[in-house]
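Here's the structure we're looking at; comments come further down.
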Amino acid sequence: MDVFEAVRTRRSIRDFTGERIPDEDLEKILDTARYAPSPENMQMWRYVVIREDQELKKFIADVSRQAASELFGSAPYEITQGRIWYVPDHNRPATFEDMRLGDLFEYPRDADVVIIGCGSETFHDSPLIYELEYFGSIVVAMGILNMWYAAHALGYGAGYQALPVMEPRRCELLCEKIGIPRSWIPVATLSIGVPRSPRMLGPSRFPLESVFYSERWGNPYKRIAFRNE
């Protein structure tokens with residue numbers, strides 16, 4: 001598929017079969033992360049690829065479930081604000097229950113690969129501090145998105161989440177298990193595998209006029225079809 005189709009049809013996959021992806025395809029996916037942009041080409045990203053260590057995948061899945069149950073169990077805002085309105089009525093109770101219990105986010109357990117993306121503010125040769133908030137986390141995210149699109153284009157599924165690393169104490173445990181040095185900070189995880197079943201086409205998005213302004217804030221961008229000749 002071309003890049004436009006990949007962007008439009010990409011979905012978050014949270015249910016994998018556990019099947020193994022061919023090594024050649026996995027390497028193609030991983031290689032795309034190297035082509036993400038970074039300031040001054042400093043490439044301040046590192047990725048840990050977890051594939052054979054099933055106990056570590058289970059640990060990440062358990063941490064994800066615990067973090068999700070704390071987040072959604074205490075403040076189930078999707079129910080009140082209707083963000084996932086597109087979920088069919090007959091699926092909504094079970095979906096909300098899975099979110100509340102955290103079960104929806106255990107999918108790293110069955111993924112073929114779990115990738116942990118790490119960024120750094122200081123591990124480069126610039127005399128300036130490139131803050132993680134503005135640089136490191138962003139370049140890691142762009143590398144993750146490259147891999148996500150590549151996996152989708154090859155017919156595999158991927159799911160991104162920050163749940164395993166968003167809480168400092170759990171993040172510390174993960175760093176200790178993997179040996180991540182203090183100069184590197186885990187930003188997010190990407191689970192890749194064979195989807196158990198395809199997902200429906202993604203929900204509708206806000207129109208261009210709602211999220212893009214032309215020249216000045218508040219001046220809506222006008223699509224070509226609606227411009228005056």
Quiz item: Does at least one position in the stretch 85-96 carry a residue that is crowded, with 17+ Cβ neighbours inside 10 Å, within 20 Å of residue 162 (Cα to Cα) and under 18 Å from the mean Cα position of the chain (by Cα)?
Solution: no
Quiz prompt | Residues that are of a type in the set (Val, Ile, Thr) and closer than 25 Å to residue 186 by Cβ, drawn from the stretch 1-47 | solution = 13, 21, 29, 32
Practice problem: Scan the stretch 168-192 and report the pairs whose first residue is farther than 15 Å from residue 50 by Cβ and whose second residue is assigned to a loop (DSSP other than H, G, I, E, B), with Cβ atoms within less than 6 Å and a gap of 6+ or a chain change. | Solution: 183/120; 183/122; 183/123; 184/120
Self-check item: Residue list for the stretch 146-196, restricted to those being under 18 Å from the mean Cα position of the chain (by Cα), among the hydrophobic types (A, V, I, L, M, F, W, C) and in a loop (DSSP other than H, G, I, E, B)
Solution: 154, 162, 194
Self-check item: Checking residue 201 against (1) within 18 Å of residue 15 (Cα to Cα); (2) surrounded by 19 or more Cβ atoms within 10 Å (Cβ to Cβ); (3) of a type outside the set (Lys, Arg), the condition it does not meet
Solution: (2)
Quiz item: Scanning the stretch 8-42 for residues that are among the small types (Gly, Ala, Ser) and farther than 16 Å from residue 192 by Cβ, which turns out farthest from the chain's Cα centre (by Cα)?
Solution: 38
Exercise. Filter the stretch 197-229 down to residues that are more than 20 Å from the chain's Cα centre (by Cα) and part of a loop (DSSP other than H, G, I, E, B), then give me how many there are.
Key: 15
Self-check item: Residues (at pLDDT below 95 and among the hydroxyl-bearing types (Ser, Thr, Tyr)) located in the stretch 124-159
Solution: 126, 130, 134, 137
Exercise. Check the stretch 166-187 and report whether any residue there is touching a Ser or Thr at 6+ places or on another chain (Cβ under 8 Å), among the hydrophobic types (A, V, I, L, M, F, W, C), under 24 Å from residue 7 (Cβ atoms) and crowded, with 16+ Cβ neighbours inside 10 Å.
Key: yes
Quiz item: Looking at the stretch 1-102, what helices (runs of 4 or more DSSP H) fall wholly within it and have at least 1 residues that are in contact (Cβ under 8 Å) with a residue 24 or more places away in the chain and over 21 Å from residue 154 (Cβ atoms)?
Solution: 54-74, 92-101
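The values are calculated or read from the model by the stated rules, or taken from the named source; none is laboratory data. These numbers come from a predicted model, not from an experiment. Glycine gets a Cβ as well: all are built from the backbone with ideal geometry, and neighbour counts include every protein chain shown.
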